[in-house]
Amino acid sequence: KAGVTQTPRYLIKTRGQQVTLSCSPISGHRSVSWYQQTPGQGLQFLFEYFSETQRNKGNFPGRFSGRQFSNSRSEMNVSTLELGDSALYLCASSLDRGANTIYFGEGSWLTVV
Amino acid sequence: GESVGLHLPTLSVQEGDNSIINCAYSNSASDYFIWYKQESGKGPQFIIDIRSNMDKRQGQRVTVLLNKTVKHLSLQIAATQPGDSAVYFCAESSNYKLTFGKGTLLTVNP
């Protein structure tokens, strides 16, 4: 059974650009969450999607957005990139909302220059 | 507000010894708690979880203890191996999201 798949694994963007990251959850998993990981702030919750709807959102500016498709795949977008957006962006999936076991992908490493 | 923190940022043990990683939490309303292991360049890997109505749960070589009185969580790794070297995070689940601690770096010396 394939795990959570994230693409691209590595990318470099310039300040002011926008970026889209993709996540394919484990087959059958319907809940997808996104987290940002930085050395200074650790792992921080971005948002959660279930049934194509954003159900929960962390304390991030509106430049961070996302969506979920009918097949549970999810994308997140960051517009007007800032240097501080450089981070590892992690996608996690679980069978359902509130499911005990949440599995993470390997992440997308974003560097903003 | 909610917060999850770790008492020790680094832990160095000898191969074969038992390791104990500690975590403090502040949200008494959390549903359950999870321990993750993250190796360099990889995403967090689920180790074990425990529901808030339990005190102890055992897995393969790992045991999680939950003390709700003092809001403390610990992960015990038996017979620590070099492959256990990683950063370990505790996380609490509440309102369908995880709040993570800062992490503890475990180094296993051969």
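The numbers here are math on the coordinates, done by the rules we state, and not lab data. Please read these numbers as outputs of a predicted model, since none were measured by experiment. Heads up, the Cβs are rebuilt from the backbone with ideal geometry, glycines too, and the neighbour counts pull from every protein chain shown.
Out of the residues in the range B:52-108 that are without any contact (Cβ under 8 Å) to a residue 12 or more places away in the chain and within 14 Å of chain A (Cβ to nearest Cβ), state the one that is nearest to A:PHE47 (Cα to Cα).
It comes out as B:LYS97.
Select the strands (runs of 3 or more DSSP E) contained entirely in the range A:4-46, then report the ones holding at least 1 residues which are hydrophobic (A, V, I, L, M, F, W, C) and touching a Cys at 6+ places or on another chain (Cβ under 6 Å).
Details: elements: A:5-7, A:10-13, A:19-24, A:31-38.
Where strands (runs of 3 or more DSSP E) fall fully within the range A:4-46 and carry at least 1 residues being hydrophobic (A, V, I, L, M, F, W, C) and touching a Cys at 6+ places or on another chain (Cβ under 6 Å), they are A:19-24, A:31-38.
Among the numbered conditions (1) more than 23 Å from B:ILE34 (Cβ to Cβ); (2) within 14 Å of another protein chain (Cβ to nearest Cβ); (3) over 15 Å from the mean Cα position of the chain (by Cα); (4) of a type outside the set (A, V, I, L, M, F, W, C), tell me where A:GLN17 comes up short.
(2)
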